[in-house]
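The values are calculated or read from the model by the stated rules, or taken from the named source; none is laboratory data. These numbers were taken from a predicted model, which means no experiment stands behind them. Cβ sites come from the backbone with ideal geometry, for glycine too, and all protein chains shown count toward neighbours. What goes into the accessible areas is simple: the full protein's heavy atoms, side chains included, and nothing from ligands, DNA or RNA. Shrake-Rupley method; radii C 1.70, N 1.55, O 1.52, S 1.80 Å.
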Amino acid sequence: MLLRNYRFPGRYGPEWGSGGIFGLRYHNGTLYFTLAFEGEAHFIDMNSEEEKTYDFSLVGKAPTSGGDTYNAVETVDEFIYFGGWVHAPALYREEGRILFTNKYSHVHAYNTDEGSVKLLWKDSIHNESEWAGEVSEIIYDPYGDRLLLAREDGHANLGVYSLDRRGEKAERLMEKPALKGTRVHDSVFFGVGKNFDWGVTEFRVLDLITGKWGVFEPGRSVDGKPYLRPVLGAMASAYNRAFAFVRGGIFAGNPLMGEGFRFYRLFDFNSFYAPFRVNAINLGGGILTAYNAHHDALYLPWEGEHMEWLMGNTVSGPSVLLYIAPPMVKIVSALGARVTSIEKVGGKLFIATNSTPNTGAKEATPFDTGSRDIVVLDEKVIEEKPPATAFSGTLPDRIFGGIPLDGYRSARAIFYMEKKAGLRVYEYELSFRPDVEVERFELEKGRNVIDLRQFSGIVAFEVEKGGGRFRVELM
């Protein structure tokens, strides 16, 4: 596998900009991933080195496009269950539109013993401009021996569904839009809310034994300040807590054991920098995920959408791989535009990346516009010194940042001020406690340097009524 050159330039796959390599999963000697937007599911037998490719032709007619853009994959026994969405066939129009008439949500099963693919379930509303909720998460329920499907991205048939493993019965269990979920103890936590609106508004929790649902609020930020648009990217569990990785931070906690959710500000900038369209995996007892610099953006500043264009195309820093082992939050790699999928294979980390974002509804192309590849790292990267990196941008009129300092020997924040202003630095850690320390500084007009070696854990910043720009350097 390490000798394979897994670099994918854009080929035929009508959709909005670029997709990526999604669903990376190694199971029973087989490595699986889906290449979007080409609509190709790849299965590599790591023993024989044989590779099979499936074009989603069981869903509908060729040419197909899409596949998966949220890492919907689960493994049980000899099966790899993979889901998402696909156009079958794709209907592209030269005016930059793709029709959704033939867009299907799907769940397939790959039998690793036999090397065969079976379509378990598909769903479509056959509308030119709207679509049924994509399958963005698959979670196995070991008590009920069923698959739980999360669906948020779409216009109809949203929520959480139950699908038996034979694909004979699909049942909606909850109607609220839910992009991701994670199993904690004997329950499954789902993040609820519309991602292209506000983001997470609540958590719905399914008790796998009783079948009953609970509802919990996201909770307040440990720094005491409001958070903005907590768009949900990935979820994972560790320490008997649920972790929801969102734009601007992390929600962590478990109300079922008496500890409500708290928000820990992390990489909160005036941009769409977020852990979006990427997964999170357990590694070494902790969690490994990524925060992405450029994942969804309008290509052109359409009339009335300039702010959306600006937020999506502002690059605040490199995409980072992040290792969570509370109270430590540690950057372990700095990469380009975005990371799309993460998997552990034989002591190595397979990191799928993409050079280009998903784009807007008026900007469809007949081919994928990105350059996608798989980067291979040694898993000991979580124990090594973090990479030098930097974050920058214009100063917002609110608290911002949430920069993890763990592992760095040197760090500084540079403020380029238009006038004198006060600065508050908030210091905290992911400790499951609402502990925060605040220190105040005076900033002069012009260039100011704050040595961050006097702080530890995570630091956020709040400038009092002063315009300008900032740069945070980690070394």
Practice prompt. Would you be able to tell me the number of residues in the range 111-128 that are open to solvent by less than 90 Å² (accessible area, probe 1.4 Å), touching a Ser or Thr at 6+ places or on another chain (Cβ under 6 Å) and farther than 12 Å from Lys52 by Cα?
Written response: 1
Item to complete: State whether one or more residues within the range 339-347 are in contact (Cβ under 8 Å) with a residue 40 or more places away in the chain, open to solvent by 10 Å² or more (accessible area, probe 1.4 Å) and polar (S, T, N, Q).
Response: no
Practice prompt. State yes or no: is Ile98 in a strand (DSSP E or B) and in contact with a Pro (Cβ under 8 Å, 6 or more places away or on another chain)?
Written response: yes
Worksheet item: Does Leu310 satisfy being assigned to a loop (DSSP other than H, G, I, E, B) and open to solvent by 10 Å² or more (accessible area, probe 1.4 Å)?
Response: no
Discussion item. For the range 62-73, check the following and say yes or no: at least one residue is free of Cβ contacts under 8 Å to residues at least 40 places away in the same chain and open to solvent by 10 Å² or more (accessible area, probe 1.4 Å).
Written reply: yes
Worksheet, complete the sentence: For the range 263-284, the count of residues that are within 23 Å of Tyr26 (Cα to Cα) and open to solvent by 60 Å² or more (accessible area, probe 1.4 Å) equals 2
Practice prompt. Give the range 32-49 a look and list any residue that's more than 15 Å from Phe350 (Cα to Cα), outside any strand (DSSP E or B) and either touching a residue at least 12 places away in the same chain (Cβ under 8 Å) or not hydroxyl-bearing (Ser, Thr, Tyr) (or both), or say none.
Written response: Phe37, Gly39, Asn47, Glu49
Fill in: Filter result (in contact (Cβ under 8 Å) with a residue 24 or more places away in the chain, surrounded by 13 or more Cβ atoms within 10 Å (Cβ to Cβ) and in contact with an Asp or Glu (Cβ under 8 Å, 6 or more places away or on another chain)) within the range 204-216
Leu208, Trp213, Gly214, Phe216
Worksheet entry | All positions within the range 422-432 that are surrounded by 15 or more Cβ atoms within 10 Å (Cβ to Cβ) and assigned to a strand (DSSP E or B) | Leu423, Arg424, Val425, Tyr426, Glu427, Tyr428
Fill in: Top-ranked residue in the range 132-185 [being part of a strand (DSSP E or B) and of a type in the set (Asp, Glu); ranked as surrounded by the fewest Cβ atoms within 10 Å (Cβ to Cβ)]
Glu171
Item to complete: Report, by residue number, each residue of the range 376-424 that is among the aromatic types (Phe, Trp, Tyr) and farther than 15 Å from Gly457 by Cα.
Response: Phe391, Phe400, Phe415, Tyr416
